[in-house]
Every structure is written in C-alpha cells, then in structure tokens.
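Visitor: Input: one structure, supplied below.
Taken together, the values in this text are just the output of simple stated rules run on the coordinates, not laboratory data. All of these numbers come straight from a predicted model, not from anything done at the bench. Here the Cβ positions follow ideal geometry from the backbone for every residue, glycine too, while neighbour counts run over all protein chains shown.
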Amino acid sequence: MRSVLLWLPLAILGIAAGTGGESVAAQEPSPPHLLQRVRHVLADEGRLAAAIEAGRERGAFCFYCHGEDGNSRRPHVPKLAGQNPVYLLDQIERFATGARRTTYMQALARRFTDEDKLNLVIYFSSQPLRPAGGDPALAARGEPIYRSRCIGCHGLDGRGRRGYARLAGQQPEYLFRTLREFRDPGGRRDSPIMRTMVQGLSDGELRALAHYLASLR
C-alpha cells in the first residue's frame, strides 16, 4: 500500500507541471475538482484503501474485458493495471463526452458518477501490471524507432512522463491497432502530436514498435 501512496501522487503532480502531448490532460483537462479529490484521497492511507475497495466493487462492469486486476488477457483490449491515474481519468472523461469513441465504453462511462470515476482510477492504477511481453525479434527492430520518436513524452522506460500514457508492458496487438489509428486519416484516435510521431511508419514498423513496448517492464 505504501508503494501506491508514493507512486500515484508523483504521477498526478507530474501532469500538473507538464505541457503538451498526446495525453488528454494537455488538451482537454479533466475537471479540476476530480483531480483535487484524487490528491485528497492519496493524502490519507485510509481513504486510499477505501477508494481501492470501492473501485474493485464498481469495476465489476470492467472486469469482463480488462480483467479483475486490470491485466487484460484479450489481445485487442488494453491493460489498465499500473496505468497513469490521470491518464485513465482523462480517458474516462473522453469516453463520457464522446471525444473518444467506442459504443460500449461511451455508454458505460456516461453512467459513472464522479465518485465512480475516482474510485475506478485509483483501483486500476494501484494494481501491479503483468507485462504482456513481445516477440524478441520484432522488439529489437522496434527499439530504435521508439528511442528516436517516443521517449520525449513516454520516457526511456515507456512508463510515461508528466501524465502521458504508460505503454510499457501493454498488449502488443492493442498498441499496434492504436498506433495505426493515430497514423491513418479518419482513425478513431486523433492527436496532432501522435499523428506526427507515427507519420511515415509502415505497418511493419508499427508492429515492431508495439512489440518493443510490450516487452518493457
């Protein structure tokens, strides 16, 4: 529990200090009252434990796809365990407003209260990530691509900086599809910075990049 107390506040304070990037917080900030409530919960170990338990109960709707502990076993479904809490909060907000679109997630996010969002973010971000792992040969091809294009926002270890998404250990198939959506016009994901970063990369290069990220811990 104490390791959670150390990690989550640093991630949240980091996004407040950061500027720019793919993270929604750099473009469409989550409601300030939610971020304040997250900090409030993290400041007290008793509140943190209660939020984790409440998130576990409310997360029953999420477990079928993302796994009870946030470690999805489905190749096309992202792992939520160990994810940056503010990034998670941003994504829930985007689904709720329709800024990010998938039918099931939009309908679900719109049903969440602010309390639900808070507890879910705390719960999933506190769960230990089990890295998906990637194909070693593809990962070796993907490493130089990552180092030349991605470390400025997502860090040397892929764990994210200033509130950006943690990519390390993520499902490689999910990463590949997401990167392709950022690259291709009319994709479901849109970010000027991400589009620029993946522009010109082939499907093979995107898949290699995805497997490198999946291999990180």
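Visitor: Out of residues 5 or more away from Ser72 or on other chains, whose amide H comes under 5 Å of its own, with H placed 1.01 Å from N in the peptide plane?
Guide: Lys79, Leu80, Ala81
Visitor: Measure out, as a whole number of angstrom, how far apart the alpha-carbon centroids of the range 92-106 and the range 127-179 sit.
Guide: 23
Visitor: Pick out, in residue order, every one of the trypsin sites (Lys or Arg not before Pro) in the range 121-191 that is DSSP loop and has at most 16 other C-beta atoms within 10 Å; say none if there are none.
Guide: Passing both the DSSP loop test and the Cβ count: Arg188.
Visitor: Sort Cys62, Cys153 by Cβ crowding within 10 Å, fewest neighbours at the top.
Guide: Numbers: Cys62 19, Cys153 22.
The fewest-first ordering by Cβ neighbours comes to Cys62, Cys153.
Visitor: Filter the GluC sites (Glu not before Pro) in the range 44-133 down to the DSSP loop ones having no more than 13 other Cβ atoms within 10 Å, then list what survives.
Guide: Numbers: sites: Glu45, Glu53, Glu57, Glu68, Glu93, Glu115; in loops: Glu68.
Answer in residue order: Glu68.
Visitor: Just want the ordering: Ser72, Ser191, Ser125, from fewest to most Cβ atoms lying within 10 Å of their own Cβ.
Guide: Working: Ser72 22, Ser191 16, Ser125 28.
Fewest-to-most ranking of Ser72, Ser191, Ser125: Ser191, Ser72, Ser125.
Visitor: Would you mind calculating the gained length between Asp203 and Asp184 on full extension (0.36 nm times residue separation, minus the Cα-Cα distance), in nm to one decimal? Don't jump to the answer; show the numbers that get you there.
Guide: On the way: separation 19, 0.36 × 19 = 6.84 nm, distance 1.06 nm.
Contour length minus Cα-Cα distance gives 5.8 nm.
Visitor: Among the trypsin sites (Lys or Arg not before Pro) in the range 95-139, which ones are in a DSSP loop with at most 14 other Cβ atoms within 10 Å of the Cβ? Mind listing them? Can you show the working numbers first?
Guide: Numbers: sites: Arg100, Arg101, Arg110, Arg111, Lys117; in loops: Arg100, Arg101.
Taking the range 95-139 and a limit of 14 other Cβ atoms within 10 Å, the loop trypsin sites (Lys or Arg not before Pro) found are Arg101.
Visitor: With the contact rule set at Cα under 8 Å and sequence spacing of 6 or more, what percent relative contact order holds for the range 65-217?
Guide: Details: 254 pairs, mean separation 43.6, N = 153.
Relative contact order here is 28 percent.
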